[in-house]
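This report concerns only the one structure given below.
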Amino acid sequence: MDDRVAAEVERKDPDLDDLKQAFVGPLGIRSLALTGLFILATFYTLYFARHFFLPVVLALLFSFLLQPAVRALEKVRIPPALGALLVLIGLLGGIGLLGYTLSGPVATWLVRVPETAQKMESKLRALRKPVEQVTEATKKVEQLANAGAPAGAKPPQQVALKEPSLLESLLSQTFSVVFGAAVLIVLLYFLLASGDLFLRKLVKVMPTLSDKKKAVEIAREIEGTISHYLFIVAAINFSLGLAAAGVFWLLGLPNPLLWGLLGGILNFVPYLGAMTTIAIITLVAAATFPTVWQIALVPVSYFILEGIEGNVLTPWVLGQRLTLNPVMVFLSLTFWGWIWGIPGALLAVPMLAVFKIVCDRIEPLAPIGEFLGQ
């Protein structure tokens, strides 16, 4: 009898161990639940603290791009603190010069907005008639539906929430932009001026000499590759903007430099940026030119330029190693656009490229890098 009971207990123990392993093992239910909660908390933190994370991410990307310039100045005996200041002044000066160059076309276009709106309204008047007919029919259906209501019945009361005034919204947005710009500039200066401080800290905490050498090699390679990628992409988009401005000038589009550089900036957002640019220049062409073929020539020319850039120039310059998977690019745009809005969409592809480069250089993350590439 005792032997049978002992055998029964021995048969049940593995089942209990399997149940325990299902809950507390590395792939157990509790582990997966905690991982899911951690991911949700991370997403919520990124969304809730976006005004903090956006300038930090921008500062990190700009530091990768500008660190070689600071290091080059250091070779000619300029201290990193002074070199970082000079590079930062050059960056802000370039942005200011670009803004000053575009201020004239922007002001001219703003003055022409009422005239352009009238032209667009006259051209779209023929298309508005069917829409107006549908709207009128919808109103009649609503009147018939209200006629069947009981006599004396009052319509349901609607509660309207008081929205913030335009001045309050502008002040709130202005404060966020100014705060983010200040954080970006200050943090970028400290990142550039610190030089190899964080790398030296990383080397110091590594246990063995081989680990220290490997950390230095990985850090140098990641920084060089990311800097190369960001510089090449920025140069390609700027060249695309200038080429588009030249084509728009030949076609007679007003303010060609404005629309060309706008296309170059929006090209940092793949697919969506090109579609947005085509939609904008199509509206501008429709308000400018009288014939259909002149209107169509503007977006078609930009579509050809963008196709050459995306399918020939960029893959040839960057190489297959840094070409990203279109599916992952679209998912990255969707995710970061949902989390951070338009700035997140602009940063989605550079962040995805940085993440792929890091995964390619760190052996345990190499499979993820393979999925991110073509």
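The values are calculated or read from the model by the stated rules, or taken from the named source; none is laboratory data. Just so you know, these numbers come straight off a predicted model, no measurement behind them. Positions of Cβ are generated from backbone atoms using ideal geometry, with glycine treated the same way; all protein chains shown enter the neighbour counts. What goes into the accessible areas is simple: the full protein's heavy atoms, side chains included, and nothing from ligands, DNA or RNA. Shrake-Rupley method; radii C 1.70, N 1.55, O 1.52, S 1.80 Å.
A few notes on this one:
- Checking each residue in the range 239-255 for being part of a helix (DSSP H, G or I), surrounded by fewer than 20 Cβ atoms within 10 Å (Cβ to Cβ) and not polar (S, T, N, Q) picks out L242, A243, G246, V247, W249, L250, L251.
- Only one of I308, I265, I236 that is part of a helix (DSSP H, G or I), open to solvent by less than 30 Å² (accessible area, probe 1.4 Å) and not acidic (D, E): I236
- Within the range 304-313, not a single residue is within 17 Å of the chain's Cα centre (by Cα) and closer than 28 Å to L60 by Cα.
- Scan the range 178-196 for residues that are under 16 Å from L66 (Cα atoms) and open to solvent by 60 Å² or more (accessible area, probe 1.4 Å) and the total you get is 4.
- Selection from the range 335-365 of residues that are surrounded by fewer than 14 Cβ atoms within 10 Å (Cβ to Cβ) and not hydrophobic (A, V, I, L, M, F, W, C): G341, E363, P364
- Cβ separations smaller than 6 Å between residues 6+ apart or across chains give the following pairs from the range 88-103 residues that are part of a helix (DSSP H, G or I) to residues that are open to solvent by 40 Å² or more (accessible area, probe 1.4 Å): L88/Y189.
Condition check ((1) under 29 Å from G337 (Cα atoms); (2) without any contact (Cβ under 8 Å) to a residue 24 or more places away in the chain) across all residues:
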residue	(1), (2)
G252	no, no
Y271	yes, no
V292	no, yes
W316	yes, yes
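- All positions within the range 268-295 that are over 27 Å from M328 (Cα atoms) and in a helix (DSSP H, G or I): I281, T282, L283, V284, A285, A286, A287, T288, V292, W293, Q294, I295
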